[in-house]
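A.B. asks: Take this structure, written in structure tokens, and hold onto it; I'll ask about it next.
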Amino acid sequence: MLLAIDTSAGTSVAVVDREGGVLAEHTELDTRRHAEVIGTFIAACLSDSGVAVAELSGVAVGMGPGPFTGLRVGIAAARAFAFGAARPVVPVISHDAIAYELGSAEPLLVVTDARRREVYWSAYSGIDAVGLPLRAAGPGLTRPDELAATVPEIDGYRRLDAASVSAGALGMLAETLFYNRRPFAVDEALYLRSPDVTLSSGPKRVS
């Protein structure tokens with residue numbers, strides 16, 4: 001069983017089991033309430049599912065793509081919980097969870113809001129024999145009006161604009177990857193752009 005967390009868009013937390021499916025899930029679409037609801041959602045999912053922390057085998061977390069502020073809340077929460085529970089962190093690409101949940105055998109273009117009049121995108125050629133999405137390109141970041149130039153084959157893809165990422169789907173994707181001995185994502189957040197605030201390169205001058 002896994003605790004699953006994703007804050008690449010809204011905030012979603014779930015407890016999943018490979019055999020039992022999604023045992024509990026809570027989602028908030030407001031992209032400004034990550035830090036406010038994440039702890040409550042973790043507690044609620046554990047309570048609703050009746051799963052004790054000791055029964056969990058790991059913590060799956062969406063690595064994006066996503067905006068810096070929101071994405072780091074989920075990753076930090078997952079790492080802190082995993083450390084306290086002495087369980088491993090299982091990194092997963094958030095767009096892969098969207099494609100996995102849809103389960104489309106046809107070419108699919110997943111698009112999510114990156115703010116600043118930009119979008120994140122990932123292109124999938126279909127699914128493999130065990131239902132895992134086959135990512136052909138991305139994740140990437142571009143302006144909406146430049147998407148066709150960025151993904152030349154876009155006319156042949158079904159476009160899916162997603163407002164959130166289901167932690168339940170993300171957790172079940174992680175379970176499927178593990179069961180079929182497929183690699184997880186790299187344990188590195190996919191911000192795809194620099195944060196709004198950066199440290200200065202030197203001491204502030206005083207006049």
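What follows draws every value from the coordinates through simple rules; no lab data is involved. Keep in mind that this is a model prediction, so the values were computed, not measured. Note: ideal-geometry Cβ built from the backbone for every residue, glycine included; neighbour counts use all protein chains shown.
A.B. asks: Here is a list of conditions, (1) over 29 Å from residue 141 (Cβ atoms); (2) assigned to a loop (DSSP other than H, G, I, E, B), and residue 40 meets all of them except one; can you say which number that is?
C.D. replies: If we test residue 40 against (1) over 29 Å from residue 141 (Cβ atoms); (2) assigned to a loop (DSSP other than H, G, I, E, B), just (2) comes out false.
A.B. asks: Considering only the stretch 89-107, state which residues are under 17 Å from the mean Cα position of the chain (by Cα) and either of a type in the set (S, T, N, Q) or not in a helix (DSSP H, G or I) (or both).
C.D. replies: First pass over the stretch 89-107, keeping only residues under 17 Å from the mean Cα position of the chain (by Cα): 89-103.
Passing the criteria: 89, 90, 91, 92, 93, 94, 103.
A.B. asks: Okay, next question. Need the failing condition index for residue 76 against (1) in a strand (DSSP E or B); (2) surrounded by fewer than 24 Cβ atoms within 10 Å (Cβ to Cβ), just the number.
C.D. replies: Residue 76 satisfies every listed condition except (1).
A.B. asks: Residues that are over 24 Å from residue 120 (Cα atoms) and not hydroxyl-bearing (Ser, Thr, Tyr): does the stretch 65-75 have at least one? Write out each step before concluding.
C.D. replies: Our first condition is that a residue be over 24 Å from residue 120 (Cα atoms); within the stretch 65-75, this holds for none.
No, because not a single residue in the stretch 65-75 is over 24 Å from residue 120 (Cα atoms) and not hydroxyl-bearing (Ser, Thr, Tyr).
A.B. asks: Would you check which residues across the stretch 126-138 are within 17 Å of residue 173 (Cα to Cα) and of a type outside the set (D, E, K, R) and list them?
C.D. replies: 126, 127, 129, 130, 131, 132, 133, 134
A.B. asks: Considering only residues that are closer than 21 Å to residue 23 by Cα and charged (D, E, K, R), look in the stretch 45-73 and name the one that is surrounded by the most Cβ atoms within 10 Å (Cβ to Cβ).
C.D. replies: Ranking the qualifying residues of the stretch 45-73, first place goes to 48.
A.B. asks: With the structure loaded, tell me whether residue 97 is surrounded by 14 or more Cβ atoms within 10 Å (Cβ to Cβ), of a type outside the set (S, T, N, Q) and touching a strand residue (DSSP E or B) at 6+ places or on another chain (Cβ under 6 Å) or whether it fails that test.
C.D. replies: Criteria not met by residue 97.
A.B. asks: Return yes or no: is residue 174 among the hydrophobic types (A, V, I, L, M, F, W, C), buried (at least 20 other Cβ atoms within 10 Å of the Cβ) and closer than 14 Å to residue 64 by Cβ?
C.D. replies: When the stated conditions are applied, residue 174 does not pass them.
A.B. asks: Among the listed residues 117, 135, which satisfies the condition of being over 16 Å from the mean Cα position of the chain (by Cα), of a type outside the set (Val, Ile, Thr) and over 14 Å from residue 62 (Cα atoms)?
C.D. replies: Result of the check over 117, 135: 117.
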